[in-house]
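Below you'll find the structure, written out as structure tokens, and then a few comments.
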Amino acid sequence: MNLIGTKLNSLDRQYKTILVLLNDLFLAFACWIVFGPPMATIISNKNLNNLIELLQSQMLSFIFPAIFLLSYLYFFGYYKSLIRFFDSRDSIFLCVSGSLIFGFSWAGIYILQFDLISTDFLSIIILQGLLLSAVLYAFVNISRDVAKYFLYPYEKDENASPVVIFGSGQSGQDLLNTLQNDSTKNVLAIFDESSIFKNLQINNIPIISSFNKLVELKSKYDNLQVFLAIPNMKTEQRRKIISDLETIKVAVSTVPSLSDLISDQKKLTDLQELSIDDILPGARISNATVLNANKKNFFVSGAGGSIGSEITRQLLAGNPKQIILYELSEYNLFKIERECQAIIEAKNLDCDIVPILGDIRDQNNLKYIFEQFKINHVYHAAAYKHVPLVEDKNNLAKSAENNILGTYNLGKAAIDNEVQSFVMISTDKAVRPSNIMGATKRFAEIIIQSLNEKSTFTRFSMVRFGNVINSSGSVIPLFLDQIAQGGPVTVTDKEVKRYFMTIPEASSLVLQAGEMSKGGEVFILDMGEQVKIFDLAKKLIHLSGRNYVDNNNDDGIQILEIGLRPGEKMYEELLISGSEMKTNNEKIFKANEKFIPQDELMPVLKDIQQCISNYDIDGILNILSKNVEGFKR
């Protein structure tokens with residue numbers, strides 16, 4: 001059997017098409033014999049000579065319908081489909097219509113042989129034509145399924161990963177169809193808590209509704225995986241499910257969110273790791289369309305970064321007139337520009353995307369850009385933010401130049417060209433900073449506050465928040481890589497705590513803060529409670545289907561403390577002094593904080609510029625120590 005299947009598979013495409021055509025011709029002939037005149041003659045008359053004469057006389061009532069059938073199916077592409085991927089649902093219209101053409105063309109030709117026909121006989125012929133069509137449709141589909149399993153026998157890998165699909169809705173069913181064609185996956189069950197589906201099956205896969213059944217499967221299959229296939233589930237319900245799954249230590253993956261599916265950014269079968277908004281109770285999603293974005297021009301610095309790219313995506317939701325994507329990295333700029341164009345095309349937006357390779361340290365380039373385009377609003381996300389890299393003395397001068405002088409250059413260009421609003425993205429590390437990155441960001445905040453004091457038109461503000469999940473440099477991708485390699489997972493200290501927020505929520509709140517700005521505000525985002533990095537690492541280990549162990553002698557993944565990095569705090573703060581004040585948005589607060597007036601700031605800026613030019617590291621550190629509250633080096 002396998003030898004015949006291999007031989008048939010090796011044939012050229014044209015020979016395969018001829019074989020399929022001959023198969024359908026034979027099936028049509030068999031149906032015509034059984035449901036047309038020949039069978040009736042066989043039943044009523046045992047004279048073989050009369051049967052042969054009948055076949056000869058009625059042959060045209062088969063030949064023409066057969067020609068109509070095969071021609072119709074051929075020219076409409078029915079024979080272009082591959083047997084291996086044949087699905088009767090995809091070809092139902094062609095197959096049904098082709099079968100009806102065969103059945104009723106036979107009925108028409110047969111009726112035309114009679115000069116006079118009774119109403120009763122006419123009804124019988126039409127019914128016979130309908131029956132002929134139905135049987136031919138069934139035969140054609142059955143032949144495809146038989147050929148599919150004969151030519152491409154399904155072979156399950158003995159080492160296939162055991163899988164449970166969580167959710168029996170349309171997403172779960174589509175995922176099941178995909179996984180059943182994947183020999184590396186063994187779908188054991190579909191989990192659905194609804195009692196409606198109790199003891200039912202989908203494609204011979206049982207539906208289970210008891211969590212205890214899931215526990216039993218985990219005890220039987222140590223490497224059990226669970227695929228969440230409910231893309232439109234509410235966040236709270238989703239977190240509860242994931243928390244329950246964590247208790248039995250199964251690896252959890254999820255289908256993309258409904259918004260990703262709708263925007264065509266991802267496919268249902270693009271299974272992905274859990275994001276932290278699925279795991280942490282403080283992480284929330286809060287997307288909001290930018291108010292009054294229509295007919296306005298926006299400038300986003302660092303547009304290819306984690307925050308800059310998400311701000312750009314959410315700006316597109318307001319269908320602005322133009323977005324200037326300003327980015328130092330060519331690759332990152334290419335990615336976000338291509339994604340923007342895809343969103344514009346998918347949603348039929350009328351927005352002009354202008355990708356510009358540029359550096360905020362380049363005053364002449366910024367001057368040219370701001371004069372060339374009538375920019376209404378600026379979102380400044382460009383920064384050097386990786387603490388260990390900025391802390392390195394070899395990078396300190398360039399980091400200070402980028403974060404401090406670059407911010408001043410951009411702010412000055414905004415004032416000179418009467419930009420309406422300027423929002424700077426800041427960090428909780430700017431509060432009483434213990435590292436150089438935080439100190440340079442706090443100095444940049446002071447620059448923004450000082451520019452706002454003298455500005456008569458542009459409204460300057462800044463938004464300060466903590467860690468954004470899955471951004472470049474986040475601990476989450478690092479933990480996942482370490483888990484995938486079998487561990488150990490490294491944390492700086494078991495007591496280290498951090499704020500966490502999702503990139504979409506942080507970006508959304510930045511945009512909303514920009515809308516409510518009157519000028520000079522330090523906006524602070526409500527980031528919930530700080531989370532222990534150690535607890536986060538344990539959760540990720542469990543949700544990867546592994547065990548956390550205290551020492552590497554046991555079977556599982558160990559978490560090692562490696563000590564705080566230079567400039568790293570045990571916990572972060574969001575306020576320097578005073579208390580936070582409420583705004584109209586319960587997730588956004590503001591604070592009034594001291595800053596250096598512009599007249600006093602300009603000489604300091606000249607001094608730090610001179611130190612940067614001379615790579616005078618001690619000079620830079622001294623200036624930061626004198627002018628940034630809490631920073632001592």
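The values are calculated or read from the model by the stated rules, or taken from the named source; none is laboratory data. If you're wondering where the values come from, they're calculated on a predicted model, not measured in any experiment. Reconstructed Cβ throughout: ideal geometry from the backbone, glycine too, with neighbour counts over all protein chains shown.
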| How many of the residues making up the range 597-615 are without any contact (Cβ under 8 Å) to a residue 40 or more places away in the chain and not in a helix (DSSP H, G or I)? | 1
| task | For residues that are surrounded by fewer than 15 Cβ atoms within 10 Å (Cβ to Cβ) and touching an Asp or Glu at 6+ places or on another chain (Cβ under 7 Å), scanning just the range 159-196, find the one that is farthest from Ser219 (Cα to Cα). | result | Ser183
| field | Selected residue (criterion: modelled with the lowest pLDDT) from residues of the range 578-596 that are part of a loop (DSSP other than H, G, I, E, B) and exposed (fewer than 12 other Cβ atoms within 10 Å of the Cβ) | value | Gly578
| message | Give me the residue from the range 597-633 that is among the charged types (D, E, K, R) and exposed (fewer than 13 other Cβ atoms within 10 Å of the Cβ) and, out of that set, nearest to the chain's Cα centre (by Cα). | response | Lys632
| message | Being in the same structural domain as Gly520 (by TED's automatic domain parsing), surrounded by 22 or more Cβ atoms within 10 Å (Cβ to Cβ) and in contact with a Phe, Trp or Tyr (Cβ under 7 Å, 6 or more places away or on another chain): is that true of Ala414 here? | response | yes
| Quick check, is Ile476 in contact with a strand residue (DSSP E or B) (Cβ under 8 Å, 6 or more places away or on another chain) and at pLDDT 75 or above? | no
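For the range 363-384, which positions are over 25 Å from Arg464 (Cα atoms) and either crowded, with 19+ Cβ neighbours inside 10 Å or without any contact (Cβ under 8 Å) to a residue 40 or more places away in the chain (or both)? Walk me through how you get there before you give the answer.
Residues of the range 363-384 over 25 Å from Arg464 (Cα atoms): 363-365, 367-374.
Answer for the range 363-384, where residues must be over 25 Å from Arg464 (Cα atoms) and either crowded, with 19+ Cβ neighbours inside 10 Å or without any contact (Cβ under 8 Å) to a residue 40 or more places away in the chain (or both): Asn364, Asn365, Tyr368, Ile369, Phe370, Gln372.
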| message | Please count how many residues of the range 515-558 are modelled with pLDDT of 80 or more and either outside any helix (DSSP H, G or I) or of a type in the set (Phe, Trp, Tyr) (or both). | response | 13
| message | When you scan the range 397-417, do you find a residue that is outside any helix (DSSP H, G or I) and not polar (S, T, N, Q), even just one? | response | no
